[in-house]
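The values are calculated or read from the model by the stated rules, or taken from the named source; none is laboratory data. Not measured: the values here are computed from a predicted model. When we count neighbours, we look across all protein chains shown, and the Cβ atoms used for this are built from the backbone with ideal geometry, even at glycine.
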Amino acid sequence: MLGHIEEFDISKPKEWTAYASRLIFFLEANNITDPAKRRAVLLSSCGGAVFNLIQALISPANPNEKSFDEILFVLEEHFSPQPSEIAKRNAFYKRNQKVGESISNFVADQLAQGCKFSHLEIMLRDRLVSGLRDEELQLRLFSRKNLTFESALEEALSAEAAAQHT
């Protein structure tokens, strides 16, 4: 077999996604495609604490009754639960540009992930303009008809660059 997969340290739940990715690469590198063998590798290499956790999470079923993908899903939900859409949107709506923060960093914050907006570009445009610290720039952008996210970002970056050179 190529490489090895170590036990997962249950005291570091934030590392689960990376562990699961490494496990999948290990299975690919070793051409382990049979679903039962994939499950067996997971269950035999994850460690006693994770095995016991799997048993508890899928009870009353037994681990051999669940597929590899089902077990990974249950563990992902346990170790990396996703915050609610409402909580993600709340963080998005509250986010404003911080003192000393560049517009590029403000825009790159990726707060829209997990918000499931139906009109993402409009929401990003509105959050960008509403969250700007430069009120003069903000008023200029408010007055523009048919403002897109791209044009708002371009104008904001230009204004920021001009302000830095004066």
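Here is how the numbers come out for the structure above:
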| read-out | value |
| --- | --- |
| Pairs with Cβ under 8 Å, 6+ apart, first in segment 60-79 and among the basic types (K, R), second not in a helix (DSSP H, G or I) | none |
| Near pairs, Cβ below 7 angstrom, 6+ apart or cross-chain, from segment 1-20 (farther than 22 Å from K37 by Cα and touching a residue at least 60 places away in the same chain (Cβ under 8 Å)) to any residue that is outside any loop (DSSP other than H, G, I, E, B) and hydrophobic (A, V, I, L, M, F, W, C) | P13/F79 |
| Verdict on S11 being surrounded by fewer than 14 Cβ atoms within 10 Å (Cβ to Cβ) and among the polar types (S, T, N, Q) | yes |
| Residue in segment 59-78 that is closer than 23 Å to K116 by Cβ, under 15 Å from the mean Cα position of the chain (by Cα) and surrounded by 17 or more Cβ atoms within 10 Å (Cβ to Cβ) present | no |
| Some residue of segment 35-44 being exposed (fewer than 14 other Cβ atoms within 10 Å of the Cβ), without any contact (Cβ under 8 Å) to a residue 12 or more places away in the chain and within 18 Å of F79 (Cβ to Cβ) | no |
| Only one of F26, F68, F8 that is over 30 Å from S158 (Cα atoms) and in contact with a Cys (Cβ under 8 Å, 6 or more places away or on another chain) | F8 |
| Answer residue from segment 2-40, given it is in contact with a Ser or Thr (Cβ under 7 Å, 6 or more places away or on another chain) and hydrophobic (A, V, I, L, M, F, W, C) and is modelled with the highest pLDDT among those | W16 |
| Test for Q55: is it closer than 30 Å to K37 by Cβ and free of Cβ contacts under 8 Å to residues at least 24 places away in the same chain | yes |
| Elements of type helices (runs of 4 or more DSSP H) in segment 114-166, at least 2 residues being basic (K, R) and closer than 18 Å to N96 by Cα | 120-131 |
| Failed item, numbered, when A40 is tested on (1) outside any loop (DSSP other than H, G, I, E, B); (2) closer than 30 Å to E150 by Cβ | (2) |
| Output for segment 85-109, where each listed residue is among the β-branched types (V, I, T) and under 16 Å from V129 (Cβ atoms) | I103, V107 |
